[in-house]
Amino acid sequence: MTSRITSYGAQTEDRLSLNAHPFLSKDERAGRSDGPMQEIEELAARIGDRAANLFASRQLMCSEAVFSVLNRVLKGGLSPAMALRLSSGFPEGLGGSGCTCGSLTGGVMGLGLFLGREQTGFHNQDRVLTAANQLHAFFKMHFGATCCRVLIKNHKHGSASHYAFCADKAGQTAQMAARLILNQRPRLLEKVDLACLDQRETRLKTRLKQVINTISSLHGRVGTKPSP
């Protein structure tokens, strides 16, 4: 079968920097002449940073961070709870099985949400399949493999290096997925959720949220009357 990608690999490394300038407001964009490609790169970099932050702070796991950020920032139409539920079975290589990395599956889910087909048949899905192929090619070229157990074999599970490595993968995958989506649908730039991108999580905030959720859950159980 002929590959959907021809010169993609040769072009990728020049387009992957996570150090782009902050995304511009509409007023700031009006004074620039470098067109939508610069805006796409800037927004994609910030999406990657946000996904990496959510993983590094232990707020979300890999697939959850990538898919949830794409959905929320680009306004994919899913509630945060629904996006989390849909992506929650993929971390650690499909439920801990060590297969395809959750960051990659979360990115492909994002491609499907924004580029996927809406009609049945075998002849109207080229856009999303091509994007998925390109995301896979980027991931494999950049990280050397797509299998979770292979990717993390040199990191002790749960260690600081493990979290740092996977946070970087989540960030770069979310960035590339956002770039692929926005290249096809640049009008999404007009309605992004910038407030989400400005948020930052820390491990302390995550711990506090967990304590509050536990207390709320226990309080709900204590206050529940037994059924007659």
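The values are calculated or read from the model by the stated rules, or taken from the named source; none is laboratory data. In this text, all values refer to a predicted model and were calculated from it rather than measured experimentally. All Cβ positions, glycine included, derive from the backbone under ideal geometry; neighbour counts span all protein chains shown.
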For this session: Enumerate the pairs (first residue in segment 39-51 and among the aromatic types (Phe, Trp, Tyr); second residue anywhere and buried (at least 24 other Cβ atoms within 10 Å of the Cβ)) with beta-carbon separation below 9 Å, excluding pairs fewer than 6 apart on the same chain, so at least 6 apart or on different chains.
Result: none
For this session: Looking for whichever is of a type in the set (D, E, K, R), under 26 Å from residue 194 (Cα atoms) and surrounded by fewer than 20 Cβ atoms within 10 Å (Cβ to Cβ) here; the options are 85, 72, 127, 117. Which one fits?
Result: 85
Problem set entry | Every pair of residues 6+ apart whose Cβ atoms lie under 8 Å, when the first sits in segment 57-76 and is in a loop (DSSP other than H, G, I, E, B) while the second is surrounded by fewer than 24 Cβ atoms within 10 Å (Cβ to Cβ) and among the hydroxyl-bearing types (Ser, Thr, Tyr) | 57/202; 57/206; 58/163; 58/206; 59/206; 61/88
Exercise. Quick check: anything in segment 174-186 at pLDDT 85 or above and on the phi > 0 side of the Ramachandran plot?
Worked result: no
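Inspect segment 92-107 for any residue being under 19 Å from residue 41 (Cα atoms), under 12 Å from the mean Cα position of the chain (by Cα) and surrounded by 23 or more Cβ atoms within 10 Å (Cβ to Cβ) and give the result as yes or no.
yes
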Seminar exercise, completed: Result of the Cβ filter at 9 Å on segment 155-171, keeping first residues that are free of Cβ contacts under 8 Å to residues at least 12 places away in the same chain and partners that are among the hydrophobic types (A, V, I, L, M, F, W, C) and part of a helix (DSSP H, G or I), at least 6 apart or interchain, is 155/164; 155/165; 155/166
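Yes or no, residue by residue, for (1) touching a helix residue (DSSP H, G or I) at 6+ places or on another chain (Cβ under 7 Å); (2) assigned to a helix (DSSP H, G or I):
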| position | (1), (2) |
| --- | --- |
| 106 | yes, yes |
| 118 | no, no |
| 129 | no, yes |
| 134 | yes, yes |
| 137 | yes, yes |
| 153 | no, no |
| 168 | yes, yes |
Problem set entry | All positions within segment 156-166 that are out of contact with any His (no Cβ under 8 Å at 6 or more places or on another chain), in a helix (DSSP H, G or I) and more than 13 Å from residue 52 (Cα to Cα) | 160
For this session: Within segment 151-173, count every residue that is touching a Gly at 6+ places or on another chain (Cβ under 7 Å) and either polar (S, T, N, Q) or at pLDDT below 95 (or both).
Result: 2
Exercise. Do you know which residues across segment 103-128 are in contact (Cβ under 8 Å) with a residue 60 or more places away in the chain and either more than 15 Å from residue 176 (Cα to Cα) or of a type in the set (Phe, Trp, Tyr) (or both)?
Worked result: 114
